[in-house]
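The values are calculated or read from the model by the stated rules, or taken from the named source; none is laboratory data. Worth saying up front: this structure is predicted, and the values here are computed from it rather than measured. Virtual Cβ from ideal backbone geometry, glycine too; neighbours counted across all protein chains shown. Heavy atoms of the whole protein, side chains included, go into the accessibility calculation; ligands, DNA and RNA do not. Shrake-Rupley method; radii C 1.70, N 1.55, O 1.52, S 1.80 Å.
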Amino acid sequence: MNTKSKSGKLVGASILSAVAASLCCITPVLALISGASGVASSFSWMEPFRPYLLGITILVLAFAWYQKLKPRTKEEIQCDCDEDEKPPFMKTKTFLGMVTVFAFLMMAFPYYGQIFYPKADKQVVIVSSSNIQEVKFNVNGMTCASCEEHVKNEVNKLPGIVNVSANSKEGNAFIKFDNSKTNKEAIIKSIDATGYKVTSEASTSVNPPHGKAGHVCGPNGCK
């Protein structure tokens, strides 16, 4: 019975550590689904601990499988015979296998979390090329692709946004917009509303051919 109890605790620990390892990237998706945008960065502080949590998850799962697959002692076999009943599903190899798959899906979440975000397909009619402005915003708190997509999704809700790119590794976002329809203050407010914070901004050069009068610009460029 002690072995079964230990196995159950190991399964619980593996699920907890696997989810915790990617919580900083799962939260933005949950924020998108729930509409609570401001909580997206709530667990970004956990990112430095991710390697340790991944290691703990793998070690716990490995030990759980060892406990499940190792040869049983005579005492354990005798105990099973005395009980003469089928073990609960949550203490079977099948359940442990399901937990293992779930754990690895959670650990890999930062690499596919962006698929949950809608693709930006809006178009912006540019009236004058002089209205086009591109600004680099330094953003604190982004840790993975899910964070990048969350920022892009929120900024694209503003009118006049021509293009948005975000980079969690560099900690910045490049945003091209029509300043007759929106402005830097509105963009900063939109980014800050996600929970990630703009720490500084600087204007960059704009490609002259883009934004001619009557041109239509979207996420794939200008026509």
Can you tell which of 38, 8, 12 is assigned to a helix (DSSP H, G or I), more than 30 Å from residue 192 (Cα to Cα) and at pLDDT below 75? 8
Subset of segment 147-172 that is in contact with a Pro (Cβ under 8 Å, 6 or more places away or on another chain), in a helix (DSSP H, G or I) and open to solvent by 20 Å² or more (accessible area, probe 1.4 Å) - its residue that is nearest to residue 25 (Cα to Cα): 149
Going through segment 126-146 in order, the residues found to be part of a strand (DSSP E or B), touching a Ser or Thr at 6+ places or on another chain (Cβ under 8 Å) and in contact (Cβ under 8 Å) with a residue 60 or more places away in the chain are 133, 134, 135, 136, 137, 138, 139
Selected residue [assigned to a helix (DSSP H, G or I), open to solvent by 40 Å² or more (accessible area, probe 1.4 Å) and modelled with pLDDT of 75 or more] from 26, 77, 33, 58: 58
Condition set open to solvent by 30 Å² or more (accessible area, probe 1.4 Å) and in contact with a strand residue (DSSP E or B) (Cβ under 8 Å, 6 or more places away or on another chain), scope segment 173-182, selection nearest to residue 30 (Cα to Cα): answer is 174
Go through segment 160-183 and report how many residues are out of contact with any Phe, Trp or Tyr (no Cβ under 7 Å at 6 or more places or on another chain) and of a type in the set (A, V, I, L, M). 2
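Residue under question is residue 134, and the condition is that it be over 21 Å from residue 27 (Cβ atoms), buried (at least 16 other Cβ atoms within 10 Å of the Cβ) and either at pLDDT 90 or above or touching a Pro at 6+ places or on another chain (Cβ under 8 Å) (or both); does it hold?
Details: over 21 Å from residue 27 (Cβ atoms): yes; buried (at least 16 other Cβ atoms within 10 Å of the Cβ): yes; either at pLDDT 90 or above or touching a Pro at 6+ places or on another chain (Cβ under 8 Å) (or both): yes.
So residue 134 fits the description; yes.
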Here the residues within segment 137-146 that are modelled with pLDDT under 95 and either of a type outside the set (A, V, I, L, M, F, W, C) or open to solvent by 30 Å² or more (accessible area, probe 1.4 Å) (or both) are 140, 141, 143, 146
